[in-house]
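Have a look at the structure below before the remarks.
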Amino acid sequence: MSDLRDLYQEVIIDHGRRPRNFGELKPADREADGFNPLCGDKLHLALTLDRDIVTDVKFTGSGCAISMASASLMTETLKGKPVSEAERLFDEFTAMVTVEEGARERAAELGKLGVLAGVREYPARVKCATLAWHTLDAALKDVGEASTE
Ligand code: ZN
């Protein structure tokens, strides 16, 4: 288990340091800003859609390693997925980091996103991990802004 933990840690540090899909996306079909006042994490998320498929997604911003890694892993996961699947992943991811019951199964089902399951044990970091997803939700619903508060 500790080896697995180290591996998860490595993935998070790697994505935190070298976030994938970091940059501007213009023109975008949907955009939103997200802010986690608890930690100071800030994100701007932009995506393009072809009918209901997410064709591209990028983000800019600054924050702790967990918020950056979560946004990086999320953007990697979303490309090519339908909006309905993105919304389902938002629910599953949020449940994985907040609900004890069934967390292991959820982490396994979520694949790469599962590396963030460990934040459930650190309540202060949960909002860092979910910020990207709340921002995505705001972008998909076209409300422009998301706050974890
Ligand atoms: Zn944070």
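The values are calculated or read from the model by the stated rules, or taken from the named source; none is laboratory data. As the structure is a prediction and not an experimental result, all values here were calculated from the model. Here the Cβ is made from the backbone with ideal geometry for all residues, glycine too, and neighbour counts use every protein chain on show. These area figures cover heavy atoms from the full protein model, side chains too; ligands, DNA and RNA do not enter into them. Shrake-Rupley method; radii C 1.70, N 1.55, O 1.52, S 1.80 Å.
Tabulated data for the structure shown
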item	result
Average accessible surface area per residue within the stretch 1-146, 1.4 Å rolling probe, Å²	51 Å²
Radius 10 Å from Cβ of Glu76, net charge of other residues (Lys, Arg +1; Asp, Glu -1)	+3
Degrees, to the nearest 10: 2-17 long Cα axis against longest axis of the chain	30 degrees
Subset of Lys81/Lys112; Lys58/Lys81; Lys58/Lys141; Lys42/Lys79; Lys42/Lys112 violating a 19 Å alpha-carbon distance limit	Lys42/Lys79; Lys42/Lys112
In Å², nearest 10: area of Glu145 left accessible to a 1.4 Å probe	150 Å²
Pairwise label distance in nanometres, Arg51 with Asp91, each label 7 Å out on the Cα-Cβ vector	2.3 nm
Around Asp29: net Lys/Arg minus Asp/Glu count, Cβ-Cβ under 10 Å	-3
Cα centre as origin, Lys/Arg/Asp/Glu Cβ charges: the chain dipole, Debye	360 debye
Sulfur and carbon atoms: percent of accessible area, the stretch 1-99 [1.4 Å]	51 percent
Net charge over other residues, Cβ less than 15 angstrom from the Cβ of Ala107 (K, R count +1; D, E count -1)	-2
For the stretch 1-81: rounded, prolate or oblate by the Cα gyration tensor [a/c cutoff 1.5]	oblate
For the chain, alpha-carbon Rg relative to the globular expectation (2.2 N^0.38 Å, N residues)	0.96
